[in-house]
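FYI, it's all coordinate maths here, none of it is from the lab. These numbers come from a predicted model, not from an experiment. Reconstructed Cβ throughout: ideal geometry from the backbone, glycine too, with neighbour counts over all protein chains shown.
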Number of protein chains: 2
Amino acid sequence: MYSFQELIAQFVQQFDQQHFPQEPATLYNAASHILKIGGKRIRPVLALMGNELFDTIHADAWQVGNAVELFHNFTLIHDDIMDKAPIRRNNPTVHTLYGEPAAILAGDAMLIYVYECLNKVQARYKQKIISVFNKAAIQVCEGQQIDMDLEAMDPAQVQYDDYVNMIALKTSVLLAASLQLGAIIGGGSEGNQGHLYNFGKNVGIAFQIQDDYLDAFGDPEKFGKQQGGDILANKKTFLLLKALELCNPTQRTRLRELLDSSPDDKVPQVLELFHDCRVDEWAEKEKERFQQKAFDSLEEIAVLSARKKPLQELADFLLSRQQ
Amino acid sequence: MYSFQELIAQFVQQFDQQHFPQEPATLYNAASHILKIGGKRIRPVLALMGNELFDTIHADAWQVGNAVELFHNFTLIHDDIMDKAPIRRNNPTVHTLYGEPAAILAGDAMLIYVYECLNKVQARYKQKIISVFNKAAIQVCEGQQIDMDLEAMDPAQVQYDDYVNMIALKTSVLLAASLQLGAIIGGGSEGNQGHLYNFGKNVGIAFQIQDDYLDAFGDPEKFGKQQGGDILANKKTFLLLKALELCNPTQRTRLRELLDSSPDDKVPQVLELFHDCRVDEWAEKEKERFQQKAFDSLEEIAVLSARKKPLQELADFLLSRQQ
């Protein structure tokens, strides 16, 4: 079996290819741009690991890996248009470089290429592969829409459970489905597929809570982002939504005043309120709660513990990030 | 066998259903809007007819019909965003009603649902069905990009063959592929699938030439559009590109002056130039040329002539339009 680091290296090498024709260049240069600026390639590696949990890696797992990575990049292109984001991974976004029409089309073409990859898998499980993939793909779209719907709402009106559901749809179900797709190819049973899916989904939610936490409380030098970027952008996060719920009326009034204004010391002031209502402690516990759910699901999978080691290591790596 | 009119009626009845979940409403109301404002449903009926050319209609042909109709509507949603079109079929476009982000996502979700339909067809020809569909789907995206590329060029620099290729990609290959997808389900041979594909592709090109012709020379009351709408919009059409090629230097100078300005009598003046360089006669012959290619391909299909009758009638209907 391979470690997740080895599989990432193998996937990156395999994925570093010409995915599209040369012409029309305006279309395919736009599509290629997002692939060239890198990314962690976590999803395809989850597909490979989901396969290897049950059996040696089959060629089909690489096709599924290509499919989920292309799909993820398709969502990035279109999400960046919707969010009017100028920068992604320190590079101009696709629509910034090539214009919105070419960026919309580049995403569309990339989504069709996803199914070219999926269409290469063996006939005996093709129906199941496409079905599991489609369910997650639809949920990712729904998650993005719900995210936009919640962004348009007053934060005090957003229910915590609705927010968790949105995060799960937008970011976790594709991680979960990538694992399950690999498990299908590896011959994992329906039950084991389900446990593996739940493992991936809960790791994803825990990771997002950690990401929100680090944005607020992480060491900016280690985290590589401006501290409190989410606070400055008034972004709805696990911390903000829970803080509005946990704090007392005086704190809530102060927090809402800070949300409605942009004083120079907005970040330290909001962070102080977060501390005061102990939302930092809550976030650590909430992350651990989802992490525990993930590990319980991993435990349930009926294969030798030794086979689960790479998944355990990947989860530990993702969830012990201090930077 | 059924006439194309009967199949349209049957398809419309079958297609008039809830295609998407209720929630999130912002996403699925946007997607449903384009389906509710109608359309000729030509592509799915071509899939049904392609099947029935070789055998009685199989349930899978309806799924393929749903897929090609959803795909066509997905392209309309995204094309309307790219073209900044406010109106489609006398209704506000999806992005006008729901905003660009929801319209982008509605198209994306609709494209995933396309593959939900395709995933329902029998395993024995699923690989082929998705492969033929994907090829056409990619070509439609490429055609839209080439269309945008050509629109940005000076009309005198656009090669006629490049324009025909763009039209074929953007509008004809999906008609052709719809027929072929039906033929696959009906058990048509590879050779017969190819002839049927060529029939559809050439009918599509002939139809587009006729459409350009009617926009310029059709009776506006019968045609239902403003006469010379393409001329007013300086749209590149078969007529304009060929006129620039056929006319003498004096006429060309005058035509270019008219393109660069917008006098009140622009339409009659351009039409007079079109007449003078006989581009109207040329267009009728060019349409007939593609129509003849289509009928030659139909002739080549190795089934009883009687089975071809509905396709012959549909082509005659589409290509004898005076209004």
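For the stretch B:235-312, the relative contact order comes to 33 percent (Cα pairs under 8 Å, sequence separation of at least 6). The label point for residue A:9 and the one for residue B:25, both projected 7 Å from the Cα toward the Cβ, are 5.4 nm apart. Placing a label point 7 Å from Cα along the Cα-to-Cβ direction at residue A:87 gives distances to the equivalent points in the other copies of 4.4 nm, listed shortest first.
Extension gain for the segment residue A:313 to residue A:16, taken as residue separation times 0.36 nm less the Cα-Cα distance, is 104.4 nm to one decimal.
Each residue of the stretch B:6-14 was assigned a 3J(HN,Hα) from its phi angle through the Karplus curve 6.51 cos²θ - 1.76 cosθ + 1.60 (θ = phi - 60°); the sequence is 5, 5, 4, 4, 5, 5, 4, 5, 5 Hz, with glycine and proline shown as x. With pairing defined as another cysteine C-beta under 4.7 Å, the cysteines of chain A that fail it are A:117, A:141. Note on the stretch A:188-269: percent of Cα-Cα distances in each 5 Å bin, starting at 0 and stopping at the bin with the largest distance, equals 3, 13, 18, 19, 14, 10, 7, 6, 5, 3, 1, 0.
Peptide A:26-35 has a mean of 2 when you count, residue by residue, the C-beta atoms of other protein chains within 10 Å of its C-beta.
Note on the stretch A:1-52: Cα convex hull, mean projected area over all directions, 3.9 nm². Taking a point 7 angstrom from the Cα of residue A:40 along the C-beta vector, which residues in the stretch A:144-177 have backbone N less than 13 Å away? Inside the label zone: A:171-172, A:175-176.
Label-to-label distances for residue A:152 across copies, nearest first, come out at 3.1 nm, using points 7 Å from Cα in the beta-carbon direction. In plain terms, the C-alpha convex hull of the protein assembly as shown casts an average shadow of 31.5 nm² when viewed from every direction. With helices as the sole contributors, chain B gives -24000 deg cm²/dmol at 222 nm; each DSSP H run of n ≥ 4 counts as -39500 (n - 2.57), and the sum is divided by every residue. Principal axis extents of the C-alpha atoms in the stretch A:1-129 (largest first, rounded to whole Å): 44, 30, 25. Between B:312, B:291, B:269, the residue with the greatest mean-square fluctuation in the GNM of chain B (Cα pairs under 10 Å linked by springs) is B:269. Counting other Cβ atoms within 10 Å as a rough exposure proxy, the listed residues B:274, A:20, A:199 run A:20, B:274, A:199 from fewest neighbours to most.
Maximal additional length on extending the residue B:296-residue B:123 stretch stands at 59.0 nm, based on 0.36 nm per residue less the C-alpha distance. Taking every alpha-carbon pair under 8 Å whose residues sit at least 6 apart, the stretch A:4-320 reaches a relative contact order of 20 percent. With the largest listed first and rounded to whole Å, the semi-axes of the equivalent ellipsoid of the stretch A:4-320 from the Cα gyration tensor are 34, 25, 16.
Extent along the principal axes, Cα only, for the stretch B:48-114: 44, 24, 15 Å, with the longest axis given first.
Across the stretch B:1-115, Cα pairs under 8 Å and at least six residues apart give a relative contact order of 31 percent. Note on chain A: with a GNM built from Cα contacts shorter than 10 Å, the maximum mean-square fluctuation among A:91, A:202, A:51 falls on A:91. Between residue B:131 and residue A:85, the modelled labels are 3.7 nm apart [label points 7 Å from Cα along Cα→Cβ]. Sorted from nearest, the other copies put their residue B:13 label points 6.0 nm away, the label point being 7 Å from Cα in the direction of Cβ. Equivalent ellipsoid of the stretch A:104-237: semi-axes from √(5λ) of the C-alpha gyration tensor, largest first, are 32, 18, 15 Å.
Each eigenvalue of the Cα gyration tensor of the stretch A:217-323, multiplied by 5 and square-rooted, gives one semi-axis; in descending order these are 35, 16, 9 Å.
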